[in-house]
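The values are calculated or read from the model by the stated rules, or taken from the named source; none is laboratory data. The shown structure was predicted, so the numbers you read here are calculated from the model rather than taken from an experiment. Note: ideal-geometry Cβ built from the backbone for every residue, glycine included; neighbour counts use all protein chains shown.
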Amino acid sequence: MLLYALQRLALAALTVLVAVAIMFAMLHLVPGDPASIALGPRATPDMVAEFRQRLGLDDPLSLQFLHFLGNVAHGDLGIDIWTHASVADMVMRELPHTIALTGLGLGWAVLIGIPLGCFSAIRRAFCVQVSGRQFSISVASCRRLVRP
């Protein structure tokens, strides 16, 4: 049992690492230079070069990724380049809302989904199953669209 738990934990860590790597790659595949975008059209080449050097954008991608992983491991998610606020603080400020919405959505899905699933299993009418499935998908999707 302990071996199974360790395997699942290792798989979860690998999944998070792959997700972070994909996110990092997507950030670098977006067209445009982050320094030029952040500084605006009136930035001089010297300002862009200094900004790129300060953020480590001149380093090779592998080194940038290792620095990124190290910072994330220490809880440093960086500084927002527009508001100059800590990204970790921004995430923590919104975390209670996220948890509340997720809990509410999960609660509604359980409260409605279990009785609806039992009813669909008992009554084998095609119309009831299709409408129940559509309703369940709609309710589960709504929590992604609502933000306080």
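For the range 19-38, does any single residue satisfy the condition of being surrounded by 11 or more Cβ atoms within 10 Å (Cβ to Cβ), not in a helix (DSSP H, G or I) and not aliphatic (A, V, I, L, M)?
Yes, the range 19-38 contains a residue that is surrounded by 11 or more Cβ atoms within 10 Å (Cβ to Cβ), not in a helix (DSSP H, G or I) and not aliphatic (A, V, I, L, M).
What about residue 58, is it assigned to a loop (DSSP other than H, G, I, E, B), of a type in the set (D, E, K, R), free of Cβ contacts under 8 Å to residues at least 24 places away in the same chain and out of contact with any strand residue (DSSP E or B) (no Cβ under 6 Å at 6 or more places or on another chain)?
yes
Within the range 103-148, how many residues are surrounded by 14 or more Cβ atoms within 10 Å (Cβ to Cβ), within 25 Å of residue 93 (Cβ to Cβ) and either modelled with pLDDT under 80 or of a type in the set (Asp, Glu) (or both)?
1
Any idea how many residues of the range 61-97 are over 22 Å from residue 39 (Cα atoms) and either without any contact (Cβ under 8 Å) to a residue 40 or more places away in the chain or surrounded by 13 or more Cβ atoms within 10 Å (Cβ to Cβ) (or both)?
21
Would you please list the contacts, defined by Cβ atoms under 7 Å and residues six or more apart or on different chains, that run from a residue in the range 98-114 that is in contact (Cβ under 8 Å) with a residue 40 or more places away in the chain to a residue that is among the hydrophobic types (A, V, I, L, M, F, W, C)?
Between residues of the range 98-114 that are in contact (Cβ under 8 Å) with a residue 40 or more places away in the chain and residues that are among the hydrophobic types (A, V, I, L, M, F, W, C), the close pairs are 101/146.
Of the residues 72, 91, which is under 24 Å from residue 53 (Cβ atoms) and either basic (Lys, Arg) or within 17 Å of the chain's Cα centre (by Cα) (or both)?
Every option except 72 fails the conditions.
How many of the residues in the range 84-126 are under 30 Å from residue 24 (Cβ atoms), out of contact with any helix residue (DSSP H, G or I) (no Cβ under 8 Å at 6 or more places or on another chain) and among the β-branched types (Val, Ile, Thr)?
The number of residues fulfilling the criteria is 4.
Taking the criterion of being of a type in the set (Lys, Arg), over 26 Å from residue 18 (Cα atoms) and assigned to a helix (DSSP H, G or I), would at least one residue in the range 119-142 satisfy it?
yes
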